[in-house]
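Each remark here refers to the structure printed beneath this line.
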Amino acid sequence: MNKNMSKVDFLNKISAGQDTEWLKEAMWRRENAAWLKKSMDIANDVLDELHRQKMSKSDFARAMGVSPQRVTTLLSGKEKMNLETISKMEEALHVTLVRTGSNVEDSASEKHRHVASFMLPLVHYATESLKSADNIFVNSKRGKVELNCI
Amino acid sequence: MSLKIKGIKTIFKDHLYSVQYEGYSESEFTRLFKLWKNPENVDLFIDTYKDLMKSPFWVEQGISASDARRLITQEAVATESHFLDLYLNTMNGDVPDFNQEFVFLDKQVFEFRLRSKHKMYGTHGKDHPSFLRIYAIKVENNCFLITGGAIKLTHRMDEAAYLQEEVRKLNTVHDWLEQEYILDGEDLNNYESYE
């Protein structure tokens, strides 16, 4: 370091210049924050699912019909994925990654199925009661149906 | 094997610089953000050091490996955004105060960690420990040289081998700064041979 030079001047002298790469990337990310957040969320969801199913990335790539390099790009958190790609990932993993009107309905049906299975013992009990009943009284009031078995 | 310094790059002129090591195409500052914002890279890292996530500290925090991956990628984006804000403020004539941004560790060694509050995944507004560290050497008042950085999963740096690599990088840069008579003001009389 030259004796007339301050430490900062020396750093400025030997610097290869302004690092613009992080700056460009940071500005680009800010401008595209909304979809980049979704891309990162999807990548994280896929990684969670791969761990849960103990599926390797190469198996995932095979199931999707793409190269392992393509999977690496998709999991980078900065890939602008189209609907076809998302659907392929969903099919490969047998899960829903993005909720739409129809799969929200599917999800509701799933919930009803769950309720129905929960009620199965009750339904079984009611059926058995009906079989052994001599008289069945049906009362219908304001859309409610009551079965009285004697 | 310790890394060799290829050169330095300017992040904030007169205030913040970053080392670039031989064999790497980017400065440490740029390289770290690229790594930390990539869910797959972070996943590989967490998977490699998954035993560290089983420590009582993380169990008490209720942070799983999956939570950690999401929090780290979010923290990386938030940290980069924080530096972008600082940079954009310099356009209005503001001077960034890195003396406040970097926390003293030991001698001339400082670290940056995100302290501003950001809404993070799964935290429900609760604070969680920051995962990311950027290590730097203070060259003079409000002037720092970044040597590297790491995802910190342990309380102490000597508790994980990968953090020891960061210590080696700090030592390499420290030695280089001493050779260049930048760090030790006492030796400034010997700088004649340097341009």
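Computed from the coordinates by the stated procedures, all read-outs in this text should not be read as laboratory data. Just so you know, these numbers come straight off a predicted model, no measurement behind them. Using ideal geometry, Cβ is built from the backbone for each residue, glycine included, and neighbour counts are taken over all protein chains shown.
Structure summary
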read-out	value
Intensity falloff of chain B expressed as log10 I(q)/I(0), Debye formula with alpha-carbon point scatterers, at q = 0.10, 0.14 Å⁻¹	-0.45, -0.85
Exercise: per-residue mean of other protein chain Cβ atoms within 10 Å, A:19-31	6
Over the range B:5-111: Rg over Rh, Cα atoms, Kirkwood Rh	1.03
Average other protein chain Cβ within 10 Å of Cβ, residues B:5-12	4
Kyte-Doolittle mean at least 1.0 and Cα axial length at least 20 Å: DSSP H helices in chain B	none
Coordinate range along principal axes, alpha carbons of the range A:45-97, Å, largest first	26, 22, 19
Peptide A:90-99, shielding by other chains (average Cβ, 10 Å cutoff)	0
